[in-house]
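Everything below concerns the one structure shown next.
The values are calculated or read from the model by the stated rules, or taken from the named source; none is laboratory data. Remember, it's a predicted structure, so these values are computed and weren't measured experimentally. Positions of Cβ are backbone-derived with ideal geometry, glycine not excepted, and every protein chain shown enters the neighbour counts.
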Amino acid sequence: MRPWEDAIDREPHVRLAATAAAAQLWSTAADLCAWGAFLADPDPAVLAPATAEELRVPQTISDEVAWLRGVGLGVILYRRGERIYVGHGGAMPGFLAEVVYAPKDRVGAVVLVNTTSGFDTQALALDLAEQAAEALGGPDEWRPGTTAPDALRSVLGSWWSEGAELTFRWRDDALEAQPVGAARGRFVSRFAQEGDDLYRVSAGRERGELLRLHRAPSGAVESMTWATYAVTRQPQSFVVEGGDGA
């Protein structure tokens, strides 16, 4: 028997017991990249994009000092500067792995090593993803847009609330709002219709809050109420729904 065959013969069998079911999703680095790419931009026939976004909503912050790490629904959230990465690590005797991706930048990285300990897969994966984002990141790929429904045409454009200017736009078949001056992809709110002239923030800033449209006799939207705060075409003094202003 050759020496390496003798070593294999003497290698003890690892009994994973109850952890076996949690440690068997293993494949090649290429397949792990495909998995990360799918989570970042899922096929709607398999996983609804809205569900993928829900996975990335922070449930807890595990780093209460610097807020650099949090937990979503089944995924870990990592902050590097102004960029948020999503992913998860994996481990079993003899192997370590990490998958991370930045949904906004559509980049990610995978690390797969054959060691049980002593290697920081998370740091390396984040470093690689950060380099990819800096090298490849840029404006979103241009795609033909859809036209906003007639009922929302008068909503589009600049509005004001609490002295802050907001831009409402129709993007990817949904109404969106973003503070003027915010970085690309930051503080964006997406709305889903709940009734006549009634919308709720389905993702992003003020998630869960209601947006009510108030129309003039002509039918055009002349003001709005978002999370009980007045939204007007021109800056006004502080006004809350049902209040007297200040």
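When T146 is tested against the conditions (1) farther than 20 Å from E54 by Cα; (2) touching a helix residue (DSSP H, G or I) at 6+ places or on another chain (Cβ under 8 Å), the lone failure is (2). Contact map, region 52-67: residues that are in the same structural domain as G81 (by TED's automatic domain parsing) paired with residues that are among the small types (G, A, S) and part of a loop (DSSP other than H, G, I, E, B), Cβ distance under 8 Å, separation 6+ or inter-chain. Pairs shown: L55/G72; L55/G74; R56/G72; V57/G72; P58/G72; Q59/G72.
For the condition within 30 Å of S27 (Cα to Cα) and either assigned by TED's automatic domain parsing to the domain that holds A40 or not hydroxyl-bearing (S, T, Y) (or both), what is the one hit in A174, A148, A102? Don't jump to the end; show me each part of the working.
Numbers: A174 fails: within 30 Å of S27 (Cα to Cα); A148 fails: within 30 Å of S27 (Cα to Cα).
That would be A102, the only listed residue that is within 30 Å of S27 (Cα to Cα) and either assigned by TED's automatic domain parsing to the domain that holds A40 or not hydroxyl-bearing (S, T, Y) (or both).
For the structure I just gave you, tell me whether G118 is out of contact with any strand residue (DSSP E or B) (no Cβ under 7 Å at 6 or more places or on another chain), more than 28 Å from A174 (Cβ to Cβ) and small (G, A, S).
Yes.
Residues of region 81-89 include at least one that is surrounded by fewer than 16 Cβ atoms within 10 Å (Cβ to Cβ), out of contact with any Asp or Glu (no Cβ under 9 Å at 6 or more places or on another chain), within 24 Å of L136 (Cβ to Cβ) and modelled with pLDDT under 90. If only residues of region 184-237 that are of a type in the set (D, E, K, R), touching an Asp or Glu at 6+ places or on another chain (Cβ under 8 Å) and in a strand (DSSP E or B) are counted, the one that is farthest from E53 (Cα to Cα) is R215. Scoring Q131 on the criteria (1) crowded, with 18+ Cβ neighbours inside 10 Å; (2) closer than 19 Å to C33 by Cβ leaves a single failure, condition (1). For region 3-12, the count of residues that are within 19 Å of G90 (Cβ to Cβ) and either of a type in the set (G, A, S) or modelled with pLDDT of 85 or more (or both) is zero. In region 198-209, the condition of being surrounded by 13 or more Cβ atoms within 10 Å (Cβ to Cβ), in contact with a helix residue (DSSP H, G or I) (Cβ under 8 Å, 6 or more places away or on another chain) and either in the same structural domain as R171 (by TED's automatic domain parsing) or at pLDDT 95 or above (or both) is met by at least one residue.
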